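Here the structure comes first, spelled out in structure tokens, and everything after it is commentary.
Coordinate-derived values only; no laboratory data. Nothing here was measured: the structure is a model prediction, and the numbers come from that model. Cβ sites come from the backbone with ideal geometry, for glycine too, and all protein chains shown count toward neighbours.
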Amino acid sequence: MKTEYLLDREVEVVLRALTPSNALVCQVCLHTGLRVSDVLALKTEQIKPRFWVTEKKTGKRRMVGLPEPLRDEILKQAGKVWAFPGRSGDKPRTRQAVWKDVKRAAKLFRLPQNVAPHSFRKVYAVDLLEQYGDIKKVQRALNHGSETTTMIYAMAGELLKAKRLKRAAHSGKRL
């Protein structure tokens, strides 16, 4: 089952329910559009206003930026090597640990959609499309090879609204 988009209010409640370090990971996903595995691979020395990331999945490089308050929070909890250290400190936090925490938070608030860390990448895509109105810019920002894939991400908000309308109509509820 594919992960789904979150509305702004859902993003906020999920972030509040996460452990502080996992919330930071998800905030980086929200601000950069990076996949969770790429966020967790960040080294402390990389955390600057703007820096290059080589995506694990695609091997493509991209420049990302972080706002100062978020950078400061990351650096406060960062280890010597890893920006998001695991329990032992000698390895980065695992994506499974973040995934589990996001799933727990979504379940806690009984969110009907399939929520995972990748949902924050979809929120980033929708926000970019709303901001620029240009699917090509969103495609470049996400490093997608196909505009079709980007459209799926960028239309995630509309798809969620349609799904909820259909569910409400089927159950006889009003929105």
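Quick one: check the C-alpha center-to-center distance for segment 69-148 versus segment 26-58, whole angstrom.
The two parts, judged by their Cα centres, are 9 Å apart.
In square nanometres and to one decimal, what's the mean projected area of the convex hull around the Cα atoms of segment 76-117?
3.5 nm²
What's the longest bit of the chain with no exposed trypsin sites (Lys or Arg not before Pro), using DSSP loop states and at most 13 other Cβ atoms within 10 Å as the test?
Value returned for the longest uninterrupted segment is 111-172.
So if I average 1/r over every pair of distinct C-alpha atoms in segment 1-104 and take the inverse, what Kirkwood radius in Å does that give?
14.1 Å
Just the number: Rg to Rh for segment 30-175, Cα atoms, Kirkwood Rh, two decimals.
Taking Rh as the inverse mean 1/r over Cα pairs, Rg/Rh reads 1.02.
Taking the chain as a Gaussian network, where each spring joins two C-alpha atoms under 10 Å apart, which residue of Val39, Val28, Val53 fluctuates the most?
Judging by the Gaussian network model, the answer is Val53.
Between Ala162 and Asn114, take the C-beta separation as r, use R0 = 22 Å, and let me know the FRET efficiency to the nearest 0.05.
About 0.90, to the nearest 0.05.
What does the extension gain come out to for Arg61 and Lys137, with contour length at 0.36 nm per residue minus their alpha carbon separation?
Gain on stretching Arg61 to Lys137: 25.8 nm.
Does segment 12-53 classify as rounded, prolate or oblate by the C-alpha gyration tensor (a ≥ b ≥ c root eigenvalues; a/c under 1.5 gives rounded; else a/b over b/c gives prolate, otherwise oblate)?
prolate
Which value in deg cm²/dmol, rounded to the nearest 500, describes the helix-derived mean residue ellipticity at 222 nm for the chain, given -39,500 (n - 2.57) per DSSP H run of n ≥ 4 and division by the residue count?
-17000 deg cm²/dmol
Please determine, in degrees from 0 to 90 and to the nearest 10, the orientation of helix 118-132 with respect to the longest principal axis defined by the Cα atoms of the chain, where the helix direction is its Cα long axis.
Here the helix axis deviates by roughly 80 degrees.
How large is log10 of I(q)/I(0) for segment 32-73 at q = 0.16, 0.19, 0.24, 0.25 Å⁻¹ when the intensity is taken from the Debye formula with one equal scatterer per alpha-carbon?
Rounded to two decimals, the profile gives -0.37, -0.53, -0.84, -0.91.
Mind checking which aspartates and glutamates have their Cα closer than 15 Å to the Cα of Lys60? Skip sequence neighbours fewer than 8 apart in that chain.
Qualifying aspartates and glutamates at Cα under 15 Å: Asp38.
Compute the relative contact order of the chain as a whole-number percentage, counting only Cα pairs closer than 8 Å that sit 6 or more residues apart in sequence.
27 percent
Considering the Cα positions of segment 107-162, please state its Rg to one decimal place and its Dmax as a whole number of Å.
Reported Rg and Dmax, both Å: 11.9, 36.
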